[in-house]
Protein chains: 2
Amino acid sequence: MWSTDSPFGPHNLPYGVFRHGGRPPRIGVRIGDSVLDLDGAEAADLILAGGALRRPVLNEFLALGRPQWTAVRHRIAELVTREEHRAEIEPLLVPLAEVELLLPFAVGDYVDFYSSEHHAMNVGRIFRPERPALPPNWKHLPIGYHGRAGTVVVSGTPVVRPSGQRSTPEGPVFGPSIRLDIEAEVGFVVGVPSNHGEPVPPSRFAEHVFGVVLVNDWSARDIQAWEYQPLGPFLGKSFATSVSPWVVPLEALAGAWVPAPHQDPPVLDYLRDDPHVGLDLRLAVDWNGTRISEPPFASMYWTPAQQLAHLTVNGASLRTGDLFASGTVSGPEKRQTGSLLELTLGGAEPVRLAGGAERTFLEDGDTITISATAPGLGGTVVDLGEVTGTVKPAVTIASLSV
Amino acid sequence: MWSTDSPFGPHNLPYGVFRHGGRPPRIGVRIGDSVLDLDGAEAADLILAGGALRRPVLNEFLALGRPQWTAVRHRIAELVTREEHRAEIEPLLVPLAEVELLLPFAVGDYVDFYSSEHHAMNVGRIFRPERPALPPNWKHLPIGYHGRAGTVVVSGTPVVRPSGQRSTPEGPVFGPSIRLDIEAEVGFVVGVPSNHGEPVPPSRFAEHVFGVVLVNDWSARDIQAWEYQPLGPFLGKSFATSVSPWVVPLEALAGAWVPAPHQDPPVLDYLRDDPHVGLDLRLAVDWNGTRISEPPFASMYWTPAQQLAHLTVNGASLRTGDLFASGTVSGPEKRQTGSLLELTLGGAEPVRLAGGAERTFLEDGDTITISATAPGLGGTVVDLGEVTGTVKPAVTIASLSV
């Protein structure tokens, strides 16, 4: 049976959806280097979830709510830690190496925030050098916007280099992006919906949010810079957003809450969270295998509970499967930034990868992997897995049958 | 049987979803002042659509594609025009007055464009008086952004006044919006999905787009003005977007295509549509029953086929149920503008409603109805129905159980 020595031990138990042996997608939970087939476990009456674990996506389970989430989690922990269950669960274990991991939930709306002060300062200096780096509203509200839910893909999905318009001194030209970038983020997965017209205060965060994924919000900086005024990012972001395959439940992160940065000026009442806490998730970004950055999620200015409260304060409803991401995670140091734009100072300073290759933005064939761990209770470590993606060459329109 | 004398005659045949007599939602088609129960018609083998009409939303039918859309449309037209079918369809007709109309399709992603030059000029002058009214990218690409799909609601749904932050000389304050506005738009409903990574050129518009709805993209101008830099509109729009209940198929609008405004400078190749045509939809906006504006959709600078091509040129995929809206429709005259912001010159010039009431922005209890007609073939008129909504007072957070 498993112990908490493994960062995917019974204190973690993230949920995902897998395919194995040519069968339809099934819900599973990761334990060590295995996947426990929860579809099979519910079919065998080892777990009772009203059939919600016998679906091809997590959504029905996500909608059950915290009491049920907790009950199922406790039951799974029993199954994987008590010797008396060994014979029952052994037939339900599949080696991780044999499965294909799928997008774990059908995404409702995807919202992306902009909640790292260091990132906002860095980007402001690069994109809007003529104005103060931090916009006047930045410390009063967690700035966010809606992204494209239909192009959220699971880790491992190739990312085709997008084409689009970029500005040149001779006017806009069309072609493959030449400033393809990443954004290392943390995403929060909504389980319990809310009523249209009713704000969700920060105190209700844990009632609605099920868990956490890692996010790479791929960004074409040249397309974005030309298009984003006045209505925000669109095609520069909408081609792909990758998420990690394992949704780590909030319960697994109980030991990772830490005081969030002091907020000055004080926030308006609807944004006050008590305790004012963030998550000590330690991200790492690898570029073709070279570790280039270690962004600290604990440094985020706006907390996830504040983001949720802001997102709904106008009465916007939540649906099961909604995903809201933190925005790029960047710490105060250059080697803590979550985008290549920042790491290379807008492309001015290349980074050197193992083997001597130099890079500013992504080249075809490059692979980016974002991983993270968090402190667990009792000195354990919780692994959030990884989100990875490899860049494929742009599709030329001529190559399509028009 | 029905004739084309009615604007909801057999040349129109819009699809919707209705509830009647306490039964679950069913798909229907509007004919005159009746709804033909298509669930019942498919159950009785009067129409063959592989079961797609026996669902609670249109999505499965929308995914079938144009040959099937056309076949079903022809069959419905036969059923409602040929005397020999009278006895078969009479039991399937429900008076429109007896049904509740529901959101006709599950919305995938919702994209909102900004494609009226008159609107962009008007808004630019009001929101960004210090800069040129039209942003430098405006004539090179159809500017757009993603809105919140989860708060797209069907006509008739009350609109709760949103609360949020607005800027004052003393700093941001929180409260109900005091500049609640409308945006009269036309929305396009995607039926056939596209492959991730493969752009959809303008020539394929009619392969993917099923039909048209009317859209009111309710907007809180005070919230929007404070939040929208640098990442675009968010809470100022996400509280509600209303759509008309009847999706008018493109076939019904075959007589409404007209040359679109000349584009100068010439657009990049991927945006060239041939023929370069828009739709002659004649919108009307009524405020508490007073006609305040008649926005001409034919005046839009960017065409729907160009919007679709732009939206996908970066490889972003389409899903069945995606909705993309035109942006506010405003013609060159003041009484042709599609927002109150424009009609009242930013709130400076009130409009007078029947009975003498004066208004700048919306007050609680106000009702806005947007309707439209289009020329049909052979001198007929095609009615697009209406999208209506009444403003309810803001929810105070204290009134919620926190």
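The values are calculated or read from the model by the stated rules, or taken from the named source; none is laboratory data. As the structure is a computational prediction, the values presented were derived from the model and not from experiment. Backbone-built Cβ (ideal geometry, glycine too); neighbour counts: all protein chains shown.
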If you go through the stretch B:2-10 one residue at a time, do you hit one that is in contact with a helix residue (DSSP H, G or I) (Cβ under 9 Å, 6 or more places away or on another chain), surrounded by 17 or more Cβ atoms within 10 Å (Cβ to Cβ) and closer than 15 Å to B:E100 by Cβ? no
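Step by step: first the residues of the stretch A:177-198, then only those that are surrounded by 24 or more Cβ atoms within 10 Å (Cβ to Cβ) and farther than 19 Å from A:G346 by Cβ, then the one that is farthest from the other protein chains (Cβ to nearest Cβ). Which residue is that? I'd like the intermediate steps shown before the answer.
So the first thing to find is which residues in the stretch A:177-198 are surrounded by 24 or more Cβ atoms within 10 Å (Cβ to Cβ), and the list is A:177, A:180-191.
Restricting the remaining residues to those that are farther than 19 Å from A:G346 by Cβ gives A:185-191.
On the way: A:E185: 14, A:V186: 18, A:G187: 16, A:F188: 15, A:V189: 14, A:V190: 10, A:G191: 14 Å.
Here the residue is A:V186.
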Qualifying positions in the stretch B:207-222 - within 14 Å of chain A (Cβ to nearest Cβ), touching a strand residue (DSSP E or B) at 6+ places or on another chain (Cβ under 7 Å) and either of a type outside the set (A, V, I, L, M) or under 16 Å from A:H146 (Cα atoms) (or both): B:H208, B:D217, B:W218, B:S219, B:R221, B:D222
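Report, by residue number, each residue of the stretch B:260-276 that is part of a loop (DSSP other than H, G, I, E, B), in contact with a helix residue (DSSP H, G or I) (Cβ under 9 Å, 6 or more places away or on another chain) and under 18 Å from A:F174 (Cα atoms).
Going residue by residue through the stretch B:260-276, those that are part of a loop (DSSP other than H, G, I, E, B) are B:260-268, B:272-276.
So of that shortlist, the ones also in contact with a helix residue (DSSP H, G or I) (Cβ under 9 Å, 6 or more places away or on another chain) come out as B:260-261, B:263, B:267, B:272-274, B:276.
Residues satisfying the conditions are B:Q263, B:V267, B:R272, B:D273.
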The lone exception for A:D269 - which of (1) farther than 30 Å from B:Q307 by Cβ; (2) free of Cβ contacts under 8 Å to residues at least 60 places away in the same chain; (3) more than 9 Å from chain B (Cβ to nearest Cβ) it fails: (3)
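Please find, within the stretch B:97-137, the residue that is surrounded by the most Cβ atoms within 10 Å (Cβ to Cβ) out of those that are aromatic (F, W, Y) and within 28 Å of B:V29 (Cβ to Cβ). Quick ask: steps written out before the conclusion?
So the first thing to find is which residues in the stretch B:97-137 are aromatic (F, W, Y), and the list is B:105, B:110, B:113-114, B:127.
With within 28 Å of B:V29 (Cβ to Cβ) added as a condition, the list becomes B:105, B:110.
Details: B:F105: 27, B:Y110: 29.
Among them, the one singled out is B:Y110.
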Going by the structure shown, is A:V277 away from every other protein chain (no Cβ under 14 Å), surrounded by fewer than 20 Cβ atoms within 10 Å (Cβ to Cβ), closer than 26 Å to B:E227 by Cβ and among the hydrophobic types (A, V, I, L, M, F, W, C)? yes
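Scanning for something modelled with pLDDT of 95 or more, within 14 Å of chain A (Cβ to nearest Cβ) and crowded, with 21+ Cβ neighbours inside 10 Å, does the stretch B:249-261 turn up at least one residue?
Initial filter on the stretch B:249-261 (modelled with pLDDT of 95 or more): B:249-261.
Retained after the next criterion (residues that are within 14 Å of chain A (Cβ to nearest Cβ)): none.
Checking the stretch B:249-261: not a single residue is modelled with pLDDT of 95 or more, within 14 Å of chain A (Cβ to nearest Cβ) and crowded, with 21+ Cβ neighbours inside 10 Å.
So, A:T367, is that one among the β-branched types (V, I, T), under 20 Å from the mean Cα position of the chain (by Cα), assigned by TED's automatic domain parsing to the domain that holds A:D286 and over 30 Å from A:G255 (Cα atoms) or not? Give the steps one after another, and end with the answer.
Values: among the β-branched types (V, I, T): yes; under 20 Å from the mean Cα position of the chain (by Cα): yes; assigned by TED's automatic domain parsing to the domain that holds A:D286: yes; over 30 Å from A:G255 (Cα atoms): yes.
Yes; evaluated as a whole, the condition is true for this residue.
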Which residues, taken from the stretch B:51-65, are touching a residue at least 12 places away in the same chain (Cβ under 8 Å) and part of a loop (DSSP other than H, G, I, E, B)? B:A52, B:L53, B:R54, B:R55, B:P56, B:V57, B:L58, B:A63, B:L64, B:G65
Just the residues that are crowded, with 24+ Cβ neighbours inside 10 Å and more than 11 Å from chain A (Cβ to nearest Cβ), please, taken from the stretch B:325-334. B:A325, B:S326, B:T328, B:V329, B:S330
Residues of the stretch B:196-241 that turn out to be touching an Asp or Glu at 6+ places or on another chain (Cβ under 8 Å), in a strand (DSSP E or B) and under 15 Å from B:V186 (Cβ atoms), as a count: 4
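Yes or no, residue by residue, for (1) within 28 Å of B:L323 (Cβ to Cβ); (2) surrounded by fewer than 17 Cβ atoms within 10 Å (Cβ to Cβ):
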position	(1), (2)
B:A43	no, yes
B:G50	yes, yes
B:R55	yes, no
B:W69	yes, no
B:V80	yes, no
B:P95	no, yes
In the stretch B:81-138, what residues are in a helix (DSSP H, G or I) and of a type in the set (V, I, T)? B:T81, B:I89, B:V123, B:I126
Within the stretch A:377-393, identify whether any single residue is more than 29 Å from A:H208 (Cα to Cα) and touching a Phe, Trp or Tyr at 6+ places or on another chain (Cβ under 9 Å), and answer yes or no. yes
Taking the stretch A:128-171 and keeping residues more than 10 Å from chain B (Cβ to nearest Cβ), touching a helix residue (DSSP H, G or I) at 6+ places or on another chain (Cβ under 8 Å) and within 17 Å of A:Q229 (Cβ to Cβ) leaves A:P132, A:A133, A:R166
Listed by first then second residue, the pairs whose first member lies in the stretch A:196-225 and is among the acidic types (D, E), whose partner is outside any strand (DSSP E or B) and surrounded by 23 or more Cβ atoms within 10 Å (Cβ to Cβ), with beta carbons under 6 Å and at least 6 positions apart or on separate chains, are A:D217/A:E183; A:D222/A:S177
Restricting attention to the stretch A:141-170, which residues are in a loop (DSSP other than H, G, I, E, B) and in contact with an Asp or Glu (Cβ under 9 Å, 6 or more places away or on another chain)? A:L141, A:I143, A:R148, A:S155, A:G156, A:R161, A:S167
B:V313 vs. criteria crowded, with 24+ Cβ neighbours inside 10 Å and within 14 Å of chain A (Cβ to nearest Cβ): yes
Here is a list of conditions, (1) in contact with a Pro (Cβ under 8 Å, 6 or more places away or on another chain); (2) over 29 Å from A:T4 (Cβ atoms), and A:P169 meets all of them except one; can you say which number that is? (1)
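For the stretch A:279-314, what are the residues that are part of a helix (DSSP H, G or I) and farther than 16 Å from A:H118 by Cβ? Give the derivation first.
Taking the stretch A:279-314 as the starting set, the residues that turn out to be part of a helix (DSSP H, G or I) are A:297-299, A:304-312.
Within the stretch A:279-314, A:P304, A:A305, A:Q306, A:Q307, A:L308, A:A309, A:H310, A:L311, A:T312 meet the criteria.
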Exclusive hit being within 20 Å of the chain's Cα centre (by Cα) and at the interface with another protein chain (Cβ under 10 Å from one of its Cβ atoms), set B:F174, B:F234: B:F234
Considering every residue within the stretch B:357-365, establish whether at least one is acidic (D, E), within 14 Å of chain A (Cβ to nearest Cβ) and surrounded by fewer than 24 Cβ atoms within 10 Å (Cβ to Cβ). yes
Going through B:P193, B:P176 one at a time, which residue ends up being more than 30 Å from B:K392 (Cα to Cα), of a type outside the set (V, I, T), in contact with a Lys or Arg (Cβ under 6 Å, 6 or more places away or on another chain) and assigned by TED's automatic domain parsing to the domain that holds B:V247? B:P193
Which numbered condition B:R125 fails, given (1) within 26 Å of the chain's Cα centre (by Cα); (2) away from every other protein chain (no Cβ under 12 Å); (3) at pLDDT 95 or above: (3)
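Could you please give the count of residues in the stretch A:315-339 that are assigned to a loop (DSSP other than H, G, I, E, B) and closer than 30 Å to B:P158 by Cα?
The initial filter retains those residues of the stretch A:315-339 that are assigned to a loop (DSSP other than H, G, I, E, B), namely A:315-322, A:326-333, A:337-339.
If we keep only those that are closer than 30 Å to B:P158 by Cα as well, we get A:315-322.
Residues flagged as assigned to a loop (DSSP other than H, G, I, E, B) and closer than 30 Å to B:P158 by Cα within the stretch A:315-339 amount to 8.
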